[in-house]
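Shown next, in C-alpha coordinates, is the structure this report addresses.
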Amino acid sequence: MLYIPPRWLPGGHLQTIYPSTFVRKPVVAYRRERWEAPDGDFIDIDFVDGQPGRPLVVLFHGLEGSSDSHYSRALMAEVARRGWHGAIPHFRGCSGEINLAPRFYHSGDSAELDWIIRRLKLRQQDLVATHFYACGVSLGANALLRWLGESQHQAEILDAACAVSAPLDLAGGGAALGAGFNRLYTWVFLRTMRPKCLAKLDQFPGLFDREALLSARDLYAFDNIVTAPLHGYRNTEDYWDRASAKHILHDITVPTLVLNARNDPFLPEQHLPRTAAPEVVLDYPEQGGHVGFAAGGPPGRLDWLPRRLLHFLEGRSESSFAAQAEAFHG
(Lines give C-alpha, C1' and ligand atoms only; values in the text may rest on other atoms or scores of the structure.)
Protein backbone atom coordinates (compact mmCIF):
# COMPACT_ATOMS: atom_id res chain seq x y z
CA MET A 1 0.00 0.00 0.00
CA LEU A 2 1.71 3.14 -1.24
CA TYR A 3 1.32 6.27 0.89
CA ILE A 4 0.43 9.33 -1.17
CA PRO A 5 0.21 12.45 1.03
CA PRO A 6 -2.56 15.02 0.54
CA ARG A 7 -1.44 17.95 -1.60
CA TRP A 8 -2.76 20.34 1.03
CA LEU A 9 -0.44 18.89 3.69
CA PRO A 10 3.17 19.34 2.50
CA GLY A 11 6.35 18.65 4.46
CA GLY A 12 7.39 16.54 7.41
CA HIS A 13 6.43 19.02 10.11
CA LEU A 14 2.88 19.60 8.89
CA GLN A 15 2.46 15.88 8.28
CA THR A 16 3.53 15.27 11.89
CA ILE A 17 1.67 18.04 13.72
CA TYR A 18 -1.61 18.26 11.83
CA PRO A 19 -2.77 14.61 12.21
CA SER A 20 -1.99 14.54 15.92
CA THR A 21 -3.63 17.89 16.64
CA PHE A 22 -6.37 18.73 14.16
CA VAL A 23 -7.78 15.53 12.65
CA ARG A 24 -10.79 14.21 14.55
CA LYS A 25 -10.00 11.00 16.42
CA PRO A 26 -12.51 8.17 16.11
CA VAL A 27 -14.51 7.13 19.16
CA VAL A 28 -13.34 3.87 20.75
CA ALA A 29 -14.99 2.00 23.65
CA TYR A 30 -12.20 0.89 25.98
CA ARG A 31 -12.36 -1.37 29.00
CA ARG A 32 -9.53 -0.81 31.50
CA GLU A 33 -7.71 -3.42 33.57
CA ARG A 34 -4.96 -2.81 36.11
CA TRP A 35 -2.20 -5.41 36.20
CA GLU A 36 0.40 -5.81 38.92
CA ALA A 37 3.91 -5.66 37.49
CA PRO A 38 6.62 -8.17 38.52
CA ASP A 39 8.28 -5.49 40.69
CA GLY A 40 5.06 -4.71 42.60
CA ASP A 41 4.24 -1.62 40.54
CA PHE A 42 1.21 -1.49 38.22
CA ILE A 43 0.29 -0.81 34.62
CA ASP A 44 -3.11 0.03 33.15
CA ILE A 45 -4.22 -1.68 29.95
CA ASP A 46 -7.14 -0.50 27.83
CA PHE A 47 -8.91 -3.30 25.97
CA VAL A 48 -11.18 -3.43 22.96
CA ASP A 49 -13.41 -6.48 23.30
CA GLY A 50 -13.84 -8.38 20.05
CA GLN A 51 -15.62 -11.48 18.89
CA PRO A 52 -14.49 -15.05 19.68
CA GLY A 53 -12.14 -16.49 17.12
CA ARG A 54 -10.79 -13.14 15.89
CA PRO A 55 -7.17 -11.89 16.15
CA LEU A 56 -5.71 -9.99 19.11
CA VAL A 57 -3.64 -6.83 18.43
CA VAL A 58 -1.52 -5.19 21.13
CA LEU A 59 -0.23 -1.64 20.58
CA PHE A 60 2.69 -0.10 22.47
CA HIS A 61 2.40 3.69 22.41
CA GLY A 62 5.04 6.36 21.98
CA LEU A 63 6.77 8.82 24.31
CA GLU A 64 4.11 10.38 26.56
CA GLY A 65 1.41 8.71 24.49
CA SER A 66 -1.60 6.69 25.64
CA SER A 67 -4.69 4.89 24.43
CA ASP A 68 -6.08 8.35 23.61
CA SER A 69 -3.30 9.23 21.16
CA HIS A 70 -4.49 9.78 17.61
CA TYR A 71 -2.71 6.69 16.30
CA SER A 72 -4.07 4.56 19.16
CA ARG A 73 -7.66 5.55 18.59
CA ALA A 74 -7.29 5.18 14.81
CA LEU A 75 -5.86 1.65 15.02
CA MET A 76 -8.26 0.44 17.70
CA ALA A 77 -11.24 1.85 15.81
CA GLU A 78 -10.27 -0.31 12.83
CA VAL A 79 -9.66 -3.28 15.13
CA ALA A 80 -13.14 -2.83 16.63
CA ARG A 81 -14.74 -2.41 13.20
CA ARG A 82 -13.40 -5.82 12.22
CA GLY A 83 -14.57 -7.44 15.45
CA TRP A 84 -10.97 -8.09 16.53
CA HIS A 85 -9.59 -7.85 20.06
CA GLY A 86 -7.29 -4.97 21.00
CA ALA A 87 -5.03 -4.05 23.91
CA ILE A 88 -3.05 -0.90 24.69
CA PRO A 89 -0.73 -1.25 27.70
CA HIS A 90 0.27 2.09 29.18
CA PHE A 91 3.90 2.55 30.01
CA ARG A 92 4.61 3.44 33.63
CA GLY A 93 3.00 6.78 34.50
CA CYS A 94 1.19 7.24 31.18
CA SER A 95 -2.33 6.15 32.15
CA GLY A 96 -3.22 9.28 34.12
CA GLU A 97 -1.83 8.12 37.47
CA ILE A 98 1.78 8.21 38.62
CA ASN A 99 3.31 4.75 39.05
CA LEU A 100 4.69 3.43 42.34
CA ALA A 101 8.26 2.31 41.57
CA PRO A 102 11.40 4.50 41.30
CA ARG A 103 11.38 4.21 37.52
CA PHE A 104 9.44 5.27 34.41
CA TYR A 105 9.85 3.74 30.92
CA HIS A 106 12.34 3.99 28.07
CA SER A 107 13.10 3.07 24.46
CA GLY A 108 14.90 -0.15 25.37
CA ASP A 109 12.28 -1.42 27.84
CA SER A 110 12.22 -4.94 26.36
CA ALA A 111 11.88 -6.66 29.75
CA GLU A 112 8.67 -4.70 30.36
CA LEU A 113 7.29 -5.77 27.00
CA ASP A 114 8.26 -9.38 27.64
CA TRP A 115 6.02 -9.97 30.64
CA ILE A 116 3.16 -7.98 29.10
CA ILE A 117 3.28 -9.89 25.81
CA ARG A 118 3.52 -13.25 27.57
CA ARG A 119 0.54 -12.45 29.78
CA LEU A 120 -1.43 -11.29 26.74
CA LYS A 121 -0.54 -14.58 25.04
CA LEU A 122 -2.48 -16.32 27.81
CA ARG A 123 -5.34 -13.91 27.19
CA GLN A 124 -5.26 -14.83 23.51
CA GLN A 125 -5.81 -18.46 24.48
CA ASP A 126 -8.72 -17.52 26.74
CA LEU A 127 -10.30 -15.54 23.89
CA VAL A 128 -9.61 -18.35 21.41
CA ALA A 129 -8.12 -15.58 19.26
CA THR A 130 -6.84 -16.90 15.94
CA HIS A 131 -3.68 -14.78 15.75
CA PHE A 132 -1.59 -12.62 18.06
CA TYR A 133 -0.09 -9.45 16.58
CA ALA A 134 1.95 -6.61 18.09
CA CYS A 135 2.40 -3.03 16.92
CA GLY A 136 4.57 -0.27 18.31
CA VAL A 137 4.68 3.45 17.63
CA SER A 138 7.74 5.69 18.06
CA LEU A 139 9.32 4.84 21.44
CA GLY A 140 7.01 1.83 21.70
CA ALA A 141 8.12 0.71 18.24
CA ASN A 142 11.78 0.85 19.21
CA ALA A 143 11.07 -1.11 22.41
CA LEU A 144 9.09 -3.71 20.44
CA LEU A 145 11.92 -4.14 17.94
CA ARG A 146 14.39 -4.51 20.81
CA TRP A 147 12.22 -7.26 22.32
CA LEU A 148 11.84 -9.03 18.97
CA GLY A 149 15.58 -8.98 18.31
CA GLU A 150 16.65 -9.93 21.81
CA SER A 151 14.07 -12.73 22.10
CA GLN A 152 14.71 -14.10 18.60
CA HIS A 153 12.82 -17.42 18.21
CA GLN A 154 11.16 -17.03 21.61
CA ALA A 155 9.34 -14.03 20.15
CA GLU A 156 7.50 -16.35 17.79
CA ILE A 157 4.59 -16.41 20.22
CA LEU A 158 3.64 -13.47 17.97
CA ASP A 159 2.44 -14.18 14.46
CA ALA A 160 3.63 -10.82 13.06
CA ALA A 161 4.58 -7.32 14.19
CA CYS A 162 4.71 -3.71 12.97
CA ALA A 163 6.93 -0.83 14.08
CA VAL A 164 5.90 2.70 13.07
CA SER A 165 8.23 5.71 13.17
CA ALA A 166 10.69 3.95 15.48
CA PRO A 167 13.71 6.04 16.56
CA LEU A 168 15.99 3.29 15.27
CA ASP A 169 19.10 5.38 15.94
CA LEU A 170 18.46 7.19 19.22
CA ALA A 171 21.59 9.32 18.97
CA GLY A 172 20.69 10.49 15.48
CA GLY A 173 17.13 11.18 16.53
CA GLY A 174 18.19 12.92 19.74
CA ALA A 175 20.49 15.24 17.84
CA ALA A 176 17.70 16.07 15.38
CA LEU A 177 15.23 16.87 18.18
CA GLY A 178 17.72 19.21 19.79
CA ALA A 179 18.10 21.54 16.82
CA GLY A 180 16.06 24.20 15.04
CA PHE A 181 12.30 23.89 14.75
CA ASN A 182 12.46 20.38 16.19
CA ARG A 183 13.02 21.86 19.63
CA LEU A 184 9.26 22.47 19.64
CA TYR A 185 8.71 18.72 19.90
CA THR A 186 11.19 18.51 22.77
CA TRP A 187 9.36 21.30 24.57
CA VAL A 188 6.06 19.41 24.20
CA PHE A 189 7.58 16.25 25.67
CA LEU A 190 9.28 18.02 28.57
CA ARG A 191 6.07 19.88 29.40
CA THR A 192 4.46 16.62 30.55
CA MET A 193 7.55 14.72 31.68
CA ARG A 194 8.76 17.35 34.16
CA PRO A 195 5.59 17.25 36.35
CA LYS A 196 5.79 13.46 36.47
CA CYS A 197 9.40 13.67 37.57
CA LEU A 198 8.55 16.19 40.28
CA ALA A 199 5.84 13.81 41.52
CA LYS A 200 8.37 11.01 41.48
CA LEU A 201 10.70 13.11 43.64
CA ASP A 202 7.86 13.51 46.14
CA GLN A 203 7.68 9.71 46.28
CA PHE A 204 11.43 9.20 46.38
CA PRO A 205 13.29 12.32 47.60
CA GLY A 206 16.80 12.54 46.18
CA LEU A 207 16.13 10.06 43.36
CA PHE A 208 17.70 12.55 40.96
CA ASP A 209 18.77 16.21 40.93
CA ARG A 210 15.69 18.45 41.05
CA GLU A 211 17.45 21.62 39.92
CA ALA A 212 19.18 19.84 37.05
CA LEU A 213 15.79 18.50 35.96
CA LEU A 214 14.21 21.95 35.98
CA SER A 215 17.08 23.37 33.95
CA ALA A 216 17.02 20.60 31.29
CA ARG A 217 16.15 22.05 27.89
CA ASP A 218 16.59 19.03 25.63
CA LEU A 219 16.19 15.25 25.70
CA TYR A 220 19.95 14.74 25.99
CA ALA A 221 19.98 16.54 29.34
CA PHE A 222 16.73 14.92 30.50
CA ASP A 223 17.95 11.42 29.67
CA ASN A 224 21.25 12.11 31.43
CA ILE A 225 19.45 13.21 34.60
CA VAL A 226 16.46 10.87 34.68
CA THR A 227 16.09 8.16 32.04
CA ALA A 228 19.61 6.72 31.96
CA PRO A 229 20.36 6.44 35.72
CA LEU A 230 16.85 5.22 36.63
CA HIS A 231 16.97 2.38 34.12
CA GLY A 232 20.49 1.00 34.42
CA TYR A 233 22.44 3.07 31.88
CA ARG A 234 25.62 5.01 32.64
CA ASN A 235 24.59 8.19 30.84
CA THR A 236 22.75 9.46 27.77
CA GLU A 237 25.37 8.16 25.33
CA ASP A 238 25.20 4.68 26.86
CA TYR A 239 21.40 4.71 26.80
CA TRP A 240 21.06 6.01 23.25
CA ASP A 241 23.57 3.46 21.96
CA ARG A 242 22.46 0.32 23.81
CA ALA A 243 18.72 0.95 23.46
CA SER A 244 18.75 1.70 19.71
CA ALA A 245 16.83 -0.88 17.68
CA LYS A 246 19.18 -0.57 14.70
CA HIS A 247 21.57 -3.02 16.37
CA ILE A 248 19.17 -5.98 16.41
CA LEU A 249 17.23 -5.77 13.13
CA HIS A 250 19.20 -8.74 11.79
CA ASP A 251 18.21 -10.90 14.79
CA ILE A 252 14.43 -10.73 14.29
CA THR A 253 12.70 -13.97 13.23
CA VAL A 254 9.05 -12.85 13.41
CA PRO A 255 7.53 -11.29 10.24
CA THR A 256 7.92 -7.58 10.98
CA LEU A 257 7.16 -4.33 9.17
CA VAL A 258 9.39 -1.33 9.91
CA LEU A 259 7.58 1.76 8.58
CA ASN A 260 9.45 5.08 8.73
CA ALA A 261 8.83 8.12 6.54
CA ARG A 262 11.97 9.59 5.03
CA ASN A 263 10.81 13.09 6.02
CA ASP A 264 10.22 12.15 9.67
CA PRO A 265 11.64 15.12 11.63
CA PHE A 266 12.37 12.82 14.60
CA LEU A 267 14.81 10.65 12.63
CA PRO A 268 16.57 12.05 9.54
CA GLU A 269 16.71 9.79 6.50
CA GLN A 270 20.47 9.21 6.73
CA HIS A 271 19.98 7.30 9.99
CA LEU A 272 17.56 4.72 8.53
CA PRO A 273 19.12 1.22 8.39
CA ARG A 274 19.45 -0.24 4.90
CA THR A 275 19.49 -3.95 5.75
CA ALA A 276 17.69 -6.27 8.16
CA ALA A 277 16.81 -9.93 8.69
CA PRO A 278 14.88 -11.70 5.89
CA GLU A 279 11.67 -11.59 7.96
CA VAL A 280 11.87 -7.80 8.29
CA VAL A 281 10.32 -5.52 5.67
CA LEU A 282 11.89 -2.04 5.64
CA ASP A 283 9.28 0.37 4.24
CA TYR A 284 10.53 3.95 3.95
CA PRO A 285 7.97 6.10 2.08
CA GLU A 286 9.16 9.50 0.98
CA GLN A 287 6.57 11.32 3.09
CA GLY A 288 4.31 10.82 6.08
CA GLY A 289 6.04 12.70 8.90
CA HIS A 290 6.32 11.20 12.38
CA VAL A 291 3.33 8.91 12.96
CA GLY A 292 1.35 11.14 10.61
CA PHE A 293 0.22 9.54 7.35
CA ALA A 294 -2.96 11.62 7.06
CA ALA A 295 -5.16 10.86 4.07
CA GLY A 296 -7.97 12.43 2.05
CA GLY A 297 -9.16 15.98 1.59
CA PRO A 298 -9.44 18.54 4.39
CA PRO A 299 -9.80 18.05 7.31
CA GLY A 300 -8.14 14.69 6.63
CA ARG A 301 -8.48 11.14 7.90
CA LEU A 302 -6.38 8.81 10.04
CA ASP A 303 -7.37 5.53 8.39
CA TRP A 304 -4.41 4.93 6.05
CA LEU A 305 -1.98 3.84 8.77
CA PRO A 306 -4.32 1.29 10.47
CA ARG A 307 -5.18 -0.24 7.10
CA ARG A 308 -1.49 -0.45 6.17
CA LEU A 309 -0.60 -2.19 9.42
CA LEU A 310 -3.47 -4.68 9.43
CA HIS A 311 -2.90 -5.44 5.74
CA PHE A 312 0.70 -6.38 6.54
CA LEU A 313 -0.21 -8.40 9.64
CA GLU A 314 -2.84 -10.43 7.86
CA GLY A 315 -0.75 -10.96 4.75
CA ARG A 316 2.45 -12.04 6.49
CA SER A 317 0.76 -14.40 8.94
CA GLU A 318 -1.33 -16.02 6.19
CA SER A 319 1.68 -16.50 3.91
CA SER A 320 3.67 -17.92 6.84
CA PHE A 321 0.98 -20.43 7.70
CA ALA A 322 0.55 -21.36 4.02
CA ALA A 323 4.30 -22.00 3.74
CA GLN A 324 4.23 -24.15 6.89
CA ALA A 325 1.31 -26.17 5.54
CA GLU A 326 3.06 -26.66 2.20
CA ALA A 327 6.20 -27.85 3.95
CA PHE A 328 4.16 -30.19 6.15
CA HIS A 329 2.35 -31.79 3.23
CA GLY A 330 5.61 -31.99 1.35
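The values are calculated or read from the model by the stated rules, or taken from the named source; none is laboratory data. From a predicted model like this one, the values you see are computed outputs, not experimental measurements. Positions of Cβ are generated from backbone atoms using ideal geometry, with glycine treated the same way; all protein chains shown enter the neighbour counts. Heads up: the accessible areas ignore ligands, DNA and RNA and are worked out on the full protein's heavy atoms, side chains in. Shrake-Rupley method; radii C 1.70, N 1.55, O 1.52, S 1.80 Å.
At a glance:
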{"quantity": "Full-extension gain in nm, Asp49 to Val128, via 0.36 nm per residue minus C-alpha separation", "calculated": "27.2 nm"}
{"quantity": "Accessible heavy-atom area order of Lys121, Lys246, highest first, probe of 1.4 Å", "calculated": "Lys246, Lys121"}
{"quantity": "Rounded to 5, percent antiparallel among DSSP beta bridges of the chain", "calculated": "35 percent"}
{"quantity": "Neighbourhood net charge (11 Å Cβ-Cβ; Lys/Arg +1, Asp/Glu -1) for Asn263", "calculated": "-2"}
{"quantity": "Inter-label distance for Asp39 and Arg274, nm, one decimal - labels placed 7 Å from Cα along Cα-to-Cβ", "calculated": "3.9 nm"}
{"quantity": "Length released on extending from Glu156 to Asn235, taking residue separation times 0.36 nm less the Cα-Cα span", "calculated": "25.2 nm"}
{"quantity": "Order by protection proxy (mean Cβ within 10 Å, highest first), peptides 159-168, 75-84, 185-194, 47-56", "calculated": "159-168, 75-84, 47-56, 185-194"}
{"quantity": "14 Å beta-carbon shell around Ser20, net charge (K/R +1, D/E -1)", "calculated": "+1"}
{"quantity": "Solvent exposure of region 82-135 as accessible area per residue, Å², 1.4 Å probe", "calculated": "33 Å²"}
{"quantity": "Rounded accessible area of Ile157 (nearest 10 Å², 1.4 Å probe)", "calculated": "40 Å²"}
{"quantity": "Inter-probe distance in nm under a simple model that places probes 7 Å from Cα toward Cβ, at His250 and Arg24", "calculated": "4.9 nm"}
{"quantity": "Cα pair count fraction exceeding 29 Å, expressed as % - the chain", "calculated": "35 percent"}
{"quantity": "Computed FRET value (nearest 0.05) for Glu211 with Trp115, which takes r as the C-beta separation and R₀ as 30 Å", "calculated": "0.30"}
{"quantity": "Percent accessible area from carbon and sulfur atoms, region 51-118, protein chains only, probe 1.4 Å", "calculated": "51 percent"}
